[in-house]
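The values are calculated or read from the model by the stated rules, or taken from the named source; none is laboratory data. Only a predicted model underlies this, so the values are computations on that prediction, with no experimental measurement involved. Note that each Cβ is placed from the backbone with ideal geometry, even for glycine, and that neighbours are counted across all protein chains shown. Each accessible area value is taken on the protein alone, full model and side chains, heavy atoms only, with ligands, DNA and RNA left out. Shrake-Rupley method; radii C 1.70, N 1.55, O 1.52, S 1.80 Å.
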Number of protein chains: 4
Amino acid sequence: MGRARLRDLGISIGRLPTGPLNAITDVSGVLVGHCTVVWDAPRIARTGVTMVVPRSGAIWEDRTFAGHHSFNGNGEMTGLLWLEESGMLDGPIGITNTHAVGVVRDAIVAFGVERGYVQSFMLPVVAETYDGWLNDIGAFHVTRDHAFQALSAAREGAVAEGNVGGGTGMRCHEFKGGIGTSSRRIELPDRQYVVGALVQANYGRMADLRVDGAPVGRELAAIRESADPGDSGSIIVILATDAPLLPGQCRRLAQRATVGLARAGGFGFNSSGDIFLAFATGNHLPVRPVKSVDLRMLPNEQMDPFFQGAAESVEEAILNALTAAETMTGFRGTCPALPLAEVQAIMRRYRLSPGGSG
Amino acid sequence: MGRARLRDLGISIGRLPTGPLNAITDVSGVLVGHCTVVWDAPRIARTGVTMVVPRSGAIWEDRTFAGHHSFNGNGEMTGLLWLEESGMLDGPIGITNTHAVGVVRDAIVAFGVERGYVQSFMLPVVAETYDGWLNDIGAFHVTRDHAFQALSAAREGAVAEGNVGGGTGMRCHEFKGGIGTSSRRIELPDRQYVVGALVQANYGRMADLRVDGAPVGRELAAIRESADPGDSGSIIVILATDAPLLPGQCRRLAQRATVGLARAGGFGFNSSGDIFLAFATGNHLPVRPVKSVDLRMLPNEQMDPFFQGAAESVEEAILNALTAAETMTGFRGTCPALPLAEVQAIMRRYRLSPGGSG
Amino acid sequence: MGRARLRDLGISIGRLPTGPLNAITDVSGVLVGHCTVVWDAPRIARTGVTMVVPRSGAIWEDRTFAGHHSFNGNGEMTGLLWLEESGMLDGPIGITNTHAVGVVRDAIVAFGVERGYVQSFMLPVVAETYDGWLNDIGAFHVTRDHAFQALSAAREGAVAEGNVGGGTGMRCHEFKGGIGTSSRRIELPDRQYVVGALVQANYGRMADLRVDGAPVGRELAAIRESADPGDSGSIIVILATDAPLLPGQCRRLAQRATVGLARAGGFGFNSSGDIFLAFATGNHLPVRPVKSVDLRMLPNEQMDPFFQGAAESVEEAILNALTAAETMTGFRGTCPALPLAEVQAIMRRYRLSPGGSG
Amino acid sequence: MGRARLRDLGISIGRLPTGPLNAITDVSGVLVGHCTVVWDAPRIARTGVTMVVPRSGAIWEDRTFAGHHSFNGNGEMTGLLWLEESGMLDGPIGITNTHAVGVVRDAIVAFGVERGYVQSFMLPVVAETYDGWLNDIGAFHVTRDHAFQALSAAREGAVAEGNVGGGTGMRCHEFKGGIGTSSRRIELPDRQYVVGALVQANYGRMADLRVDGAPVGRELAAIRESADPGDSGSIIVILATDAPLLPGQCRRLAQRATVGLARAGGFGFNSSGDIFLAFATGNHLPVRPVKSVDLRMLPNEQMDPFFQGAAESVEEAILNALTAAETMTGFRGTCPALPLAEVQAIMRRYRLSPGGSG
C-alpha cells in the first residue's frame, strides 16, 4: 500500500475534514482496481492499468453526470466528445500509459460486449500519462487482459497508492510518483456529501514542489542532484462526489483540480497532459427505459465547499502519491522516492506542519 | 404586423406541425416586446430594441436553463460567461443594433434595480446585429428609455415581424430583413411540447437565398441588380421550449439553429455574428430560497424532434422576416422588400410549394 | 472506384469550381489510403480503415495547423485535446469503425515508433462511425496490420469512394454510404488555393435526404420501404486546404462542414457523431529544431470563399459517397445502393440538375 | 501611487526576474489609464474606469493576437465572441464596475467613431468586478466621459495601484483591494521577452490569503474580525507580452493566471467572475490593407517560462493591489487596508521572506 500517507507524517492540507478512508472510495459505490505490470525481460515493463468504476459496477446501466476540464491538453482522455455532449459517464474510467490508451479503450468495449452491457456501441473514457523513463513504453506491454484484470480487481475500501496500476512507472516533481487519493467531507446545512480525488501524478520539476505552501522542492533541489527531468510529465485527476451535481457543475468541479495542482507546484507546462474529470453519483440516469427522469440539483450557490474540497483533495492526493511511491529502478535508471524525513524537517523549519504553528 | 407570412404564400418549411401562432410565443409565458425607433432628423434613425421575456416576466425570480452556440462570432451577446457557467438565464433578453448593446445592457440592470429584482448585481444578455446601412448608427439613437419601452411592451400573442424593434433597419440576403418568428409542436409518446424561434435576420447574399431548397436567390439575382451587400451581416436566434431541458441540452438545441440558417442560405461568413441562444422553461429555478431543487430531464434520446423543430422553425423564421419586412429608405439608400409574387413564381417553377409537388 | 460520382449524373453542388480530381487529394501532398476488411467467416466482416496522410507522409516531422468542430459528439475522435492545445496535427488521421478506434490509434503510435518518428510519445487522431448493421462489430476484426496496410496504401490521385476502407460497412440516409470526397478551387485576388473534403458518411434518415435542395429522400421514401434505420449514424469529415490558415481558422473551416451536412439532410441527431477536422498545409511547422518559425496568415476577411468551398465540398462528398457505394449484404441484412436513375428523374422533375433550370 | 509594493516589504514571488517597472507597462507600447470616480453626494461614488491600451494607442489600426480563459464566469467581459473567433484584440480594454460595463463599452465605440477608427462597427472588450459594498452602484455613476478620461489618461511608465480607476472600490480577501500589476522577464536562448499582468482584484476570503505560500490570511483571521465578506467577489486579469504568440498560445497564457490566483488564495468561488485575457504584441496585424501577413510564432516548446511568468506576475500583482490599497470608507462601511507590518511579522515567523530562509 505504499510507504506512508501524508498525514502519517503529521502534515495535512486545507481545512475541511477528510472522509473515513481519505480516498475517492469514500464516495459510496466508487471502486478502484489496479493491474500492475512489472517485469524485466524480454523488455522492461514498469506500467499498468487503473480503473475507477462508479456505482459498484452498475455504471453501464445507470449513468452518472460528468464533466471535464483540460488545464493543458498534451495528453489523451478518450470519450470526452460524448461525455460533454451527453453530460454523462456511462462506463468505467481507465488510466494507463500513453501508448496503451487504445488497447485499454477497446478492452472496455470488449468487456461491455462480453457481459451484454453494450447493445450497439460505447465510447469509453481512457486517460494516460507517460512512463517512458522507467518503462520501455515502445514494447507496448499492456494487453486487453491487463485491462480486464484491473476491472475485475476494482473494489471498495482503502486504495493502494504509489507504484501501482497505471501509476507504476510514473515520476512527479522528479521523485517517484504514481497513484494518490484523498477526500473531503462537505457539510451543507441540510446534508453531508463527500468529494474524493484520485490522481495519476507524473508531472513537475523538483524545485517547484510545495507542501502546504512550504517550498520543499526548492530546499530539496538545493541539496540534491536533479534527475533527468524528461519532457513529458502529466497528471490525470478523477474527482467523484455523491452530491446531485448537473453536468456543468461537474465540469466546474473538475476545473478546481487546477487549484490543488497549482498549490502543489504545477504550472501546466507545455509537455504536460493535465486533464481532469469529475462525476457525480447523486442522480440516477438509467439507460432504460428511455423516458424523462426526475433529478435533484445542488444550487450553484452551494458549490463553494465542493470547490474547496476538490482543491484540497487534489493537492493532498498528489502528495499522497509522492509519500507512498517507493524508489524504482527501470528502463533508463533509478527514480528516487521523496525523502520523507527531509520533508518533515523542512516543514518544521518553515513552522508549517508538523510541529509548526500552521 | 408586416406584409405576409411565408405560409400566406402557400409555402411552408419542414414536416412538423406549427404551434397555434407559429411564433416563439407559442411557448407558454414567453413574451416579446418591441420598441421601434424611426426618425429622420437631426440624424436618420431606423433602429430599435426587441425584448424576449420568459416566464411572463417572472424570469428575474425564477430562472430558466439556457445554453448558447456561436456559429460565427463576429457579434456580441453579453452575459454568456455566466449563462454558460451557471447554465441559467436570469433576466430578459435584449436585441438591438451593434452600437447600442451597452445602453440596453445597463438598462436591463437599471430596470431590475428599480423594481427590486436585483439585490447586488446581474449580468444581462443583450445581442445585436448591424443596421448601419439604413440607420445612422454613429448617432447612438437608442436610449435607456427605449429599452424600458420594449420591456413594457412585452406581451403574449402574435409577434410583429419585419421592420420592428431591433429588426427595424436590418437587411437579409440583400432584401429588407428584420424580426421573424416560427414554432413547431413536438409530439413525444407521453407529452407534447413546443419549440419556438425568434430571429433578428441581417445576413447573407442574394444569390445564396434558398426557400425550401429552391434556389430563389439565384433566380432573383439573375434579374435584379445587387444592392451594396455591405460587409456586416449577422443573425441572432433565440430558441425557446417548454420542455425540461438541462443546460447542455439547451446548448445542443441552440446549435441546431445552424441547420435552419444553412438551409436558408447562410454560410457563417466572416463578418457575420451568427449567435444562437436557447432556453427551456420546463424546470423552475427560483432564486430564493437557496436549496436543492427537484428537476425533470428530457432524455437525450428524445432530443431529435427538438433538433428538427429548431432547424425548421429557424429556417421559417428567417423567411418570415423576409416576407414581412417592407421596403425601407434610410441612411444610405433604399433596401427593397423580398418580391413575394416573384418568389411564388419561382417556387412553382421548381415544383416546390406553392402548387408544386413538394 | 464505386459506381458513379454525382457529376457523372449531371448533378453538381454549388457555384465554385472543383479541383482537377474533385477530391481531397487536390490539396497537394494529401494522401489517402484504404484497407478494406471483408470476409464472411468465422464472423462477418464489412469494415476497414482509411488513412488521410498530409505532406506526402512527412507529417511526422513537419506538422500542420489544424482545428476541429463537433456538431454532435456521439462519437470518438482521439487526439483532440492536444490538437486544440497545440493547434497542430502531427501524424496521419485514421478513420475506422467504433470498436476499432483503440487498435488503430495504438497502431499509428507503433508505426511511428518503428520508423523512428516518435521519440517519446504521440497522440494520434483516430475517428469512427458505427458499421454494426452490416459488420459484426463485436468480433473486433480490425488489427494493427490493417492500420499499417492503410498507411502503406496511402497515395495521391483519385480516391476510391463508397464501400472502401473505414467506409466499407457504412449506411447513409438509409442507403449504402461510406467514403466520399470532393474539392473546390478558391480564387483570391493574388493566389489560388484548394479546399478538399473527405467524409465517412453513415448518418441520416431517407426522408431527409436533399440533393441540391431537391427533396429526393422524401420522394424516394414515398415509394420505398424504409430499412431499419438503426440508431447509430455518424459522419466524420476531414477538410484540407493548402492555404496558410492558423489553428483558429482551421477550426472555423471545420465548423462549415455543418452547412454542407445540413443541406444534404443532416440534423446532428442525438445518436450521431458528427465530428469535423480541418488542417492547413500552407505553413511549415518542423518538429526540429525548436525555434521560432516564420508563418504566413490568410486574413480572416478572405475566409468567406473557403467557408463556401468547405460547405459545397462536404455536401458533394456526402452525395459522392452515396452515388459510389454499391448495395451490400452483411451482418443483419442488405443495404441498398442509392437508385441513381430514380434520383436523376426526381432532379429533373424539380427542374434542378440534370436538365432542369437550376 | 498607493502605500507600498510587495517588494518594498522585502517579499517577492517566484524565481523569474521582473521587468524594470515590475508592471504590465514593461511590455513595450502597453499604456494604462485610470479615471477614479469618488464623491459623497448626492449618492456615494467609489468607482471608476481603467483602460489598458496596447500599441501606444495604435491598436485600432494594428491589432494584436489575443485569447481568454474563464476560471469562473460569474462576471462579464464583452467582446469575447469576436476575440475568440478572430483571435484578435482590436481596441483598448476597459475595466470598471459591474453596472457600468455597458456605458464603458459603448463609450469605446463612440471614441473610435469620433476619431475615425471605426468605419462600420467594433465589439469592445470591457470587463468588471463588483464594488457595491463601498460604492452605491445602483446610482450608475460612471459616464461615457469617465471612459474617455481613462482613455486620454493612458500612458507608459509606472502604474498607479490600489484605489484607482476601476479598482477604486474593490475589496480582496476582506481587505481593500483594487488595481495591481507586476511583470517578469523571459530569457530564451536567442531573445528576451516580457510578460506583464494587471489585475482588478476583488475576490476572496481573509482566511484563504497566502503570501508566497505562508498562511498569512489564516493568521490574520485568527486575530481580526471578519468584515462582511459579501458574496460577489471577482478578479479580472489582463496579461500582455511582446512575444510572438498565436491566438491559441495567448489563451494558454491567460489560463495560467489561474495558478497565480490559486497560490494567492483563490478558489474560483461561485459568485466570482474570474476572467483572464492575454494579448501578444509580437506580431503586427494591420486592419488595412486586407492581405496575407507574415508572422512569427514562438514554438509551443518555449512556452513554459511564459507560463511561469504569467503565474508569478499574477500572484504578485494581486499582492501589489493589496499592499497598495488604502483603507476606504464608503457606501456600507469601512474596508481596512492589509496591515503591512503584521504581514511582515507573519512572513518572518514562517521564515519565508522577509528575513526568512525562503
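Brief remarks follow.
- Residue within segment A:347-358 that is touching a Lys or Arg at 6+ places or on another chain (Cβ under 8 Å), more than 14 Å from chain D (Cβ to nearest Cβ) and not charged (D, E, K, R) present: yes
- Restricting segment B:54-82 to residues that are open to solvent by 10 Å² or more (accessible area, probe 1.4 Å) and of a type in the set (A, V, I, L, M), the residue that is nearest to the other protein chains (Cβ to nearest Cβ): B:Leu81
- Residue list for segment D:87-107, filter: within 8 Å of another protein chain (Cβ to nearest Cβ), of a type in the set (Gly, Ala, Ser) and in contact (Cβ under 8 Å) with a residue 40 or more places away in the chain: D:Gly87, D:Ala100, D:Ala107
- Scanning segment C:123-136 for residues being open to solvent by 10 Å² or more (accessible area, probe 1.4 Å) and closer than 18 Å to C:Val49 by Cβ gives a total of 2.
For (1) in a helix (DSSP H, G or I); (2) at pLDDT 95 or above; (3) open to solvent by 10 Å² or more (accessible area, probe 1.4 Å); (4) touching an Asp or Glu at 6+ places or on another chain (Cβ under 6 Å), each residue gets a yes or a no:
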| position | (1), (2), (3), (4) |
| --- | --- |
| B:Ala311 | yes, yes, no, no |
| B:Glu316 | yes, yes, no, no |
| B:Glu326 | no, yes, yes, no |
| B:Arg332 | no, yes, yes, no |
| B:Leu338 | no, yes, no, no |
| B:Glu342 | yes, yes, yes, no |
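- Within segment B:20-32, the residues that satisfy the criterion of being surrounded by 21 or more Cβ atoms within 10 Å (Cβ to Cβ) and in a loop (DSSP other than H, G, I, E, B) are B:Asn22, B:Ala23, B:Val27, B:Val30.
- Taking every residue in segment C:302-330 that is acidic (Asp, Glu) and pairing it with any residue that is open to solvent by 10 Å² or more (accessible area, probe 1.4 Å) and part of a helix (DSSP H, G or I), at least 6 positions away or on another chain, the pairs with Cβ-Cβ distances below 7 Å are C:Glu315/C:Arg263.
- Here the condition is being touching a Lys or Arg at 6+ places or on another chain (Cβ under 6 Å), hydroxyl-bearing (Ser, Thr, Tyr) and more than 30 Å from D:Asp131 (Cβ to Cβ); of D:Ser313, D:Ser292, it holds for D:Ser292 alone.
- Residue check, B:Leu134 of a type outside the set (Ser, Thr, Tyr) and not in a strand (DSSP E or B): yes
- Answer residue from segment D:83-107, given it is within 14 Å of the chain's Cα centre (by Cα) and under 25 Å from B:Glu84 (Cβ atoms) and is surrounded by the most Cβ atoms within 10 Å (Cβ to Cβ) among those: D:Thr96
- Residue-level analysis places D:Thr258 outside the set of residues that are open to solvent by 10 Å² or more (accessible area, probe 1.4 Å) and modelled with pLDDT of 95 or more.
- Residue within segment D:108-126 that is small (Gly, Ala, Ser), within 16 Å of D:Met170 (Cβ to Cβ) and modelled with pLDDT of 95 or more present: no
- Long-range neighbours under 8 Å by Cβ, at least six apart or interchain, first residue free of Cβ contacts under 8 Å to residues at least 12 places away in the same chain within segment B:261-286, second polar (S, T, N, Q): B:Ala262/C:Thr258
- Restricting attention to segment A:286-316, the residues being within 14 Å of chain B (Cβ to nearest Cβ) and closer than 20 Å to A:Arg252 by Cα number 13.
- Condition check for D:Gly138: within 12 Å of the chain's Cα centre (by Cα) and at negative phi: no
- Which numbered condition D:Gly333 fails, given (1) on the phi > 0 side of the Ramachandran plot; (2) without any contact (Cβ under 8 Å) to a residue 24 or more places away in the chain: (2)
- Test for C:Arg191: is it within 14 Å of chain B (Cβ to nearest Cβ) and either of a type in the set (S, T, N, Q) or within 21 Å of C:Ala310 (Cβ to Cβ) (or both): no
- Note on segment A:147-252: enclosed strands (runs of 3 or more DSSP E) holding 1 or more residues that are open to solvent by 20 Å² or more (accessible area, probe 1.4 Å) are A:178-187, A:192-202.
- Segment D:108-121: number of residues that are open to solvent by 10 Å² or more (accessible area, probe 1.4 Å) and at the interface with chain B (Cβ under 7 Å from one of its Cβ atoms): 3
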